[in-house]
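Here, each number is a calculation from the coordinates, and none is a lab measurement. Just so it is clear, the structure is predicted and the values come from calculations on it, not from any experiment. Cβ: placed from backbone, ideal geometry, glycine included. Neighbour counts: every protein chain shown.
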Amino acid sequence: MDPRPYQHDDYDFMKRTLTSMKNYRDDNRISYKHRSLSVCPLQHQTKLMDAGYGDYLKNVTDCIENNQIVLDEILAFAESQMDVSTEGKEIKTLSQDHSRVRELFRQIVREWCEEGRDERRQSFAPLLDELNSLYPDEKARASVRILVPGCGLARLPFDIALAGFHCLANEQSYHMLMTAEFILNRCERTAKYRIYPWVHNLTNVLNANDITAPVAFPDISPTQTPDGFQLEVLPGDFSDVCRPENLEQPVSCVVTSFFLDSAHNVLDFIKLIGDALEPGGFWLNLGPLNYVYAGFSDVEMSIQLTWETLRESIVEAGFKFVKESFVDNSYGSNERSMTAVQYKCPFFVCQKK
Ligand SMILES: C[S@@+](CC[C@H](N)C(=O)[O-])C[C@H]1O[C@@H](n2cnc3c(N)ncnc32)[C@H](O)[C@@H]1O
C-alpha cells in the first residue's frame, strides 16, 4: 500500500503527537527516577541492591532506550510523509499524549504481534468469519466496500482486505495513524522490530523477565500483499470523514471493533453508521461499553447508555438485528501479569432496513 499524505489540518495536534514520541525516553526516565531507591533508608537500599533490584531497574531503563529506537524510526518515516518536524525548540509532552505512547506499545502487541494472536482470535476472528459467511463469493468481494471506523493500527482492515474485500480504514489518532502507516509500508519482513511493551507498569509482576522480555513485530509481512489488494486509510474523525458527502458512495458494510464506546454521544455514531451504509447493508459490531469519556469533565464526557437502551436505539435508528450474542474478550493484556482486563462484549450483526 502506498503511503498517503495526511489530510488532517490540525498541525499543532500532529506536532504534539510527534513530540510525545520524541520525548518518550526522557519522559519515562523522570518517572523511573521517582520510583528509585531514594525513598528507602540506606540499609534497605543495600539489601535491595544485593537482591538485584538495581539490575532490574537498569534493565527496565534499557528496554525504554530500545523502545525509543523504534519510535525514532516511526517518527523518521512520519516526518518523511508530512510537512511537520520535531526539530527546533524543546517542547514538553502533555500527560495525555505520554499515556498514548505507552498505549501504542500495547496496541502493537494486540494487532501485529504473535503475542496478540489470542486477542485477535477473540475480537477480530468472529467479525471476519461473519463477513466471510455474509459474502461467500470470493471473486465478488472486490466490489464489496467495507468501512472500519476507529481501526487502531489497521490490522482488522488489513485482514479484511486480505480476504478480498475493498476496505476503508478510518482512524483519528496520529499515534495510531503514523504507526499503522509505518507497519504497512516499512515492515517488509516478520519480526523486524522488537519492543518492550510492558515496562511501563511495575505492578503485579511475577518475574522481572515477564516485563523485560522483548516482543517482536510484525507477525506477518504486511508489505507482501496479493494483486488487487484494496486497503484505503481515511485519516480523521469518523464524524467528519465518514459523512455520506465525504464517502464517494455508500458502503456495503460497517465493521466496528471496540469502537462504539469511544463516542461522546453514541447515538451520533449509530446515525453516522446508518448514513454510511447502502440500504440492506450490514453492520457488524463487537466491543464493550467501557465509555472512554466517562471520567471526563462535563464538556467532554459521554452519555453512558446501558446495552438494553443502546440496543433499542439501534433498532429505532432503522436496523434489524440478524444475530447477537456475548463473547469474552481481553484487551491489551500481558498474559504473564497477575492482572488482566476481561470483558463480556455484545457481538452483533445488524441489517439496515
Ligand atoms: C479501543 S481502540 C480499538 C482499536 C481497534 N478497533 C481494535 O479493536 O483493536 C478505539 C480506537 O478508535 C479511535 N477513535 C476514537 N474516536 C474516534 C473517532 N471519532 N474517529 C476515528 N477514530 C476514533 C481511537 O483513536 C482508537 O484507536
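Among L289, L153, N67, whose Cα sits farthest toward the positive end of the charge dipole of the chain (+1 at Cβ of Lys/Arg, -1 at Cβ of Asp/Glu, about the Cα centre)?
Ranked along the dipole, the leading option is N67.
Take the alpha carbon atoms of segment 117-149, find their center, do the same for segment 175-190, and report the distance between the two centers in whole angstrom.
Distance between centres, Cα-based: 21 Å.
Express the Stokes-Einstein translational diffusion coefficient of segment 185-275 in µm² s⁻¹, to the nearest whole number, given a Kirkwood radius over alpha-carbon pairs, 20 °C and a viscosity of 1.002 mPa s. Write down the numbers at each step before the final one.
Details: Rh = 17.3 Å.
The diffusion coefficient I find is 124 µm²/s.
Between D240 and N132, what is the FRET efficiency for a Förster distance of 35 Å, r being their Cβ-Cβ separation, to the nearest 0.05?
That pair, D240 with N132, gives E of 0.70.
Relative to a virtual label point 7 Å from the Cα of D55 in the Cα→beta-carbon direction, which members of segment 189-213 show backbone nitrogen distances below 13 Å?
208-209
Normalised by the empirical 2.2 N^0.38 Å for globular proteins, what value does the Cα Rg of the chain take?
Details: Rg = 21.4 Å, N = 353, 2.2 N^0.38 = 20.4 Å.
Cα Rg divided by the expected 2.2 N^0.38 Å: 1.05.
Which entries in K92/K271; K15/K271; K58/K192; K22/K344; K139/K344; K139/K352 show an alpha-carbon gap greater than 27 Å? Please report the intermediate quantities before stating the final value.
Details: K92/K271 38 Å; K15/K271 32 Å; K58/K192 25 Å; K22/K344 37 Å; K139/K344 35 Å; K139/K352 24 Å.
From the list (K92/K271; K15/K271; K58/K192; K22/K344; K139/K344; K139/K352), the Cα-Cα distance tops 27 Å for K92/K271; K15/K271; K22/K344; K139/K344.
Using the crude model of +1 on Lys and Arg Cβ and -1 on Asp and Glu Cβ, and no other charge, please compute the dipole size for segment 35-95 relative to its Cα centre, in debye to 20.
Values: 5 positive and 10 negative charges, 101 e Å.
The calculation lands at about 480 debye.
Using the Cα centre of segment 55-159 as the reference point, and only Cβ charges (+1 on K/R, -1 on D/E), how large is the resulting charge dipole? Debye, rounded to the nearest 20.
On the way: 14 positive and 21 negative charges, 77 e Å.
My answer is approximately 380 debye.
With +1 on the Cβ of every Lys and Arg and -1 on the Cβ of every Asp and Glu, and nothing else charged, how large is the dipole of the chain about its Cα centre, in debye rounded to the nearest 20? Mind showing how you got there, number by number?
Details: 36 positive and 51 negative charges, 154 e Å.
Dipole magnitude for the chain comes out near 740 debye.
Rank G52, N329, F269 by how far each Cα sits towards the positive end of the charge dipole of the chain (+1 on Lys, Arg Cβ; -1 on Asp, Glu Cβ) and give me just the farthest.
Of the options given, the answer is G52.
Which FRET efficiency value, to the nearest 0.05, do you get for V292 and A191 by plugging their Cβ-Cβ distance into 1/(1 + (r/R0)^6) with R0 = 30 Å? The partial results should precede the final answer.
Values: r = 31 Å, r/R0 = 1.05.
Efficiency, rounded to the nearest 0.05: 0.45.
Using 0.36 nm times the number of residues separating A208 and F326, minus their current alpha carbon distance, what extension gain do you get? Write out the running numbers ahead of the final one.
Details: separation 118, 0.36 × 118 = 42.48 nm, distance 3.56 nm.
Roughly 38.9 nm would be gained on extension.
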